[in-house]
Amino acid sequence: MSKPLVGIIMGSQSDLKVMRLAADLLEEMEVPYEITIVSAHRTPERMVEYATSARARGLKVIIAGAGGAAHLPGMIASMTSLPVIGVPIKSSNSIDGWDSILSILQMPGGVPVATVALDGSKNAGILAAQIIGTSDAGLAKRLDKYKENLKNSVLSTAAELEKSGLPKA
């Protein structure tokens with residue numbers, strides 16, 4: 001792939017199983033990305049360097065996943081004007097994921113973080129592609145096809161259910 005347009009970062013290696021879905025979606029949409037670990041608490045200098053150099057390195061969007069206290073997305077957003085998409089992750093030290101959700105969702109005025117569902121990195125990948133697709137006609141067409149396929153899948157499933165003879169609602 002060519003120069004990364006999306007940065008996917010996470011607080012620790014254990015977050016990779018969730019964050020991989022964003023990478024998979026970006027690959028499907030042919031959006032170049034980079035993926036790495038950047039801990040807000042254990043590697044703050046690395047976090048600052050990542051955030052402050054992102055635009056100069058050609059990134060257009062950053063997807064940041066974190067569990068527990070989940071400061072990574074907000075701290076990244078505080079240091080760049082690039083769009084940041086936060087992925088709350090239900091981690092081993094999480095309070096059912098609510099701590100992560102609220103840490104990412106409840107940002108102060110002036111420091112927005114787009115927030116997807118708990119463990120929702122696939123939607124973060126879609127949103128990142130949609131942001132980039134506003135200025136990339138080829139990507140916009142791939143996204144339109146993706147959405148059309150989602151619709152067709154639901155219609156096909158509905159038709160199968162209706163054929164099965166189950167009572168209709």
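None of the figures in this text is laboratory data; all of them are computed from the coordinates on show. The model shown is predicted, which means the values in this text are computed figures rather than measured ones. Heads up, the Cβs are rebuilt from the backbone with ideal geometry, glycines too, and the neighbour counts pull from every protein chain shown.
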Coil-residue trypsin sites (Lys or Arg not before Pro) of the range 1-104, DSSP, other Cβ within 10 Å capped at 15 = Arg42, Arg55, Arg57
query = Which FRET efficiency value, to the nearest 0.05, do you get for Ser156 and Thr134 by plugging their Cβ-Cβ distance into 1/(1 + (r/R0)^6) with R0 = 22 Å?
reply = 0.15
request  = On a 0 to 90° scale, report how tilted helix 16-28 is relative to the longest principal axis of the chain, with both axes built from alpha carbons and the result rounded to the nearest 10.
outcome  = 60 degrees
note = Summing -39500 (n - 2.57) over every DSSP H run of at least 4 residues in the chain and dividing by its residue count gives a helix-only mean residue ellipticity at 222 nm, to the nearest 500 deg cm²/dmol, of -15000 deg cm²/dmol
key: Sorted by Cβ density within 10 Å, fewest first, the residues Leu155, Leu16, Leu25, Leu118   = Leu155, Leu16, Leu118, Leu25
ask   = Counting other Cβ atoms within 10 Å, which GluC sites (Glu not before Pro) in the range 1-94 have at most 16 and lie in a DSSP loop?
value = Glu30
note = Per-residue Cβ contact counts at 10 Å, fewest first, order Leu139, Leu102 as Leu102, Leu139
remark   = For the range 69-169, shape from the Cα gyration tensor axes a ≥ b ≥ c, cut at a/c of 1.5 then a/b versus b/c, turns out oblate
inquiry  = Once you keep just the Cα pairs under 8 angstrom separated by 6 or more residues, what percentage relative contact order results for the range 6-136?
reply    = 28 percent
key: Centre separation in Å (Cα based) which lies between the range 1-59 and the range 118-169   = 24 Å
task = Between Ile95, Ile126, Ile104, find the one with the highest GNM mean-square fluctuation for the chain; connect C-alpha pairs within less than 10 Å.
result = Ile95
query = Gly7: net charge of surrounding residues, Cβ under 11 Å, Lys/Arg +1, Asp/Glu -1, itself excluded?
reply = +2
ask   = If each residue's Cβ is checked for other Cβ atoms within 10 Å, how do Ile63, Ile35, Ile8 rank with the fewest at the top?
value = Ile35, Ile8, Ile63
task = With θ set to phi - 60°, apply the Karplus curve 6.51 cos²θ - 1.76 cosθ + 1.60 along the range 129-138 and write out the HN-Hα couplings as whole Hz, x wherever there is a Gly or Pro.
result = 5, 5, 4, 5, x, 5, 10, 9, 4, x
Dimensionless Rg ratio for the range 6-136, taking C-alpha atoms and the 2.2 N^0.38 Å reference = 0.93
